[in-house]
Amino acid sequence: MRVRVLGSAAGGGFPQWNCACPACRAVRDGSRPARPRTQSSIAVSPDDRQWFLFNVSPDIRAQIESCPPLHPSSDPLGGRAVPLQAVLLTDAEIDHTLGLLLLREGRGLELHATEAARDTLYDGTSLLRTLEAYCPVKWQPVIPGTDVPLADGLSYRAFDVPTTKRARFGTDTKEGRVVGYRLTDERTSRTLVYLPSVQELTAVRDQLNDCACLLVDGTCWRDDELIRLGLAGKTAREMGHLPIGGPDGSLEQLAPLPIERTIYTHINNTNPILLEDAPERLILQQRGMEVAVDGLELRI
């Protein structure tokens, strides 16, 4: 399967429009090596012709334009045939779903989402109600633990990612608020795990078995990162994200696992790993970990 990282930053992108943290200042003025990033999303294809989006950020238009395989091709119906087959959501967060409204010009949309995410998009943010006023939407329920064929040679299995993060919309108790995806190339049996949001790895550890590539939550380096910078009053865990650093962070838990490539994505603008000369970036490199960047191409 072919994977394209369309966006690798957390909500707000990098730099974030209203932020003057050290990393945002550095990428703006060029004082330290760093690359701008859009908000997180990936595109996956089994054959370079059919493409599937995992999350749809507010930056989706620019992301599609930067990826020629996603461009439309001429057809007898007016030149708006696109290779996009469906959208799959890990949750109903604004930075993962607001781009749905930018797909309203299409002839229709197939949307894979859990019941919890769909309910939030209907009765909470109302994004789906608005979208359906412009184009038909076919909902495909995502049921964790169920193998689902996407296209010839490509299938997925979603898995529940428990979170204690307070829901702005909908209920805090419903399962399926956050999921990850195991994508399998049926021809090679190789798997990609997409896990852009995770609060604790213990509950999802079994989903990483025999994984060729893991794209995993890299929101914050420290649990109190935003508190230290005076930008928020919550820890990373309280916002639903496991920090990278520390004795119980994701780095110490993931580094020993036999995964060919572990790549951090969904990186917040405050995270020092965005700075290519940062000590934290060197620590990741020394442990064999990678940092996603927009446009990264993977062959699984």
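The values are calculated or read from the model by the stated rules, or taken from the named source; none is laboratory data. These figures come from a predicted structure and were not determined experimentally. Virtual Cβ from ideal backbone geometry, glycine too; neighbours counted across all protein chains shown. Please note that ligands, DNA and RNA were not included when accessible areas were found on the heavy atoms of the full protein model with its side chains. Shrake-Rupley method; radii C 1.70, N 1.55, O 1.52, S 1.80 Å.
Can you tell me which residue in the range 218-239 is nearest to residue 3 (Cα to Cα), limited to those that are open to solvent by 50 Å² or more (accessible area, probe 1.4 Å) and assigned to a loop (DSSP other than H, G, I, E, B)?
222
Taking residue 215 as meeting all but one of (1) modelled with pLDDT under 95; (2) open to solvent by less than 30 Å² (accessible area, probe 1.4 Å); (3) not basic (Lys, Arg), write down the number of the exception.
(1)
Would the range 240-258 turn up any residue that is open to solvent by 70 Å² or more (accessible area, probe 1.4 Å), touching a Lys or Arg at 6+ places or on another chain (Cβ under 9 Å) and in contact (Cβ under 8 Å) with a residue 24 or more places away in the chain?
no
For the range 5-21, which positions are surrounded by fewer than 21 Cβ atoms within 10 Å (Cβ to Cβ) and either assigned to a strand (DSSP E or B) or without any contact (Cβ under 8 Å) to a residue 24 or more places away in the chain (or both)?
Answer for the range 5-21, where residues must be surrounded by fewer than 21 Cβ atoms within 10 Å (Cβ to Cβ) and either assigned to a strand (DSSP E or B) or without any contact (Cβ under 8 Å) to a residue 24 or more places away in the chain (or both): 17, 18, 20.
Tell me, please, whether a residue that is closer than 22 Å to residue 300 by Cβ, part of a helix (DSSP H, G or I), of a type outside the set (Phe, Trp, Tyr) and open to solvent by less than 40 Å² (accessible area, probe 1.4 Å) can be found in the range 70-86.
Looking through the range 70-86, at least one residue is closer than 22 Å to residue 300 by Cβ, part of a helix (DSSP H, G or I), of a type outside the set (Phe, Trp, Tyr) and open to solvent by less than 40 Å² (accessible area, probe 1.4 Å).
Given the structure, is residue 203 outside any loop (DSSP other than H, G, I, E, B), small (Gly, Ala, Ser) and open to solvent by 50 Å² or more (accessible area, probe 1.4 Å)?
yes
With the requirement that a residue be of a type in the set (Gly, Ala, Ser) and either open to solvent by less than 30 Å² (accessible area, probe 1.4 Å) or touching a residue at least 60 places away in the same chain (Cβ under 8 Å) (or both), what does the range 281-298 give you? Steps first, please.
Looking only at the range 281-298, we keep the residues that are of a type in the set (Gly, Ala, Ser), and these are 288, 292, 295.
Matches in the range 281-298: 292, 295.
Give the number of residues within the range 264-280 that are open to solvent by 30 Å² or more (accessible area, probe 1.4 Å) and more than 17 Å from residue 30 (Cα to Cα).
Here the count works out to 1.
Would you check which residues across the range 118-131 are of a type in the set (Asp, Glu) and either within 18 Å of residue 55 (Cα to Cα) or in contact with an Asp or Glu (Cβ under 8 Å, 6 or more places away or on another chain) (or both) and list them?
119
May I ask you to verify whether residue 179 is open to solvent by less than 40 Å² (accessible area, probe 1.4 Å) and under 30 Å from residue 126 (Cβ atoms)?
yes
Go over the candidates 101, 121 one by one and state the one that is outside any loop (DSSP other than H, G, I, E, B), surrounded by fewer than 17 Cβ atoms within 10 Å (Cβ to Cβ) and at pLDDT 95 or above.
Of the residues listed, the single one that is outside any loop (DSSP other than H, G, I, E, B), surrounded by fewer than 17 Cβ atoms within 10 Å (Cβ to Cβ) and at pLDDT 95 or above is 101.
Tell me which residues, restricted to the range 261-280, are charged (D, E, K, R) and in contact (Cβ under 8 Å) with a residue 60 or more places away in the chain.
276, 277
Would you mention how many residues in the range 150-194 are touching an Asp or Glu at 6+ places or on another chain (Cβ under 9 Å), of a type in the set (Phe, Trp, Tyr) and part of a strand (DSSP E or B)?
2
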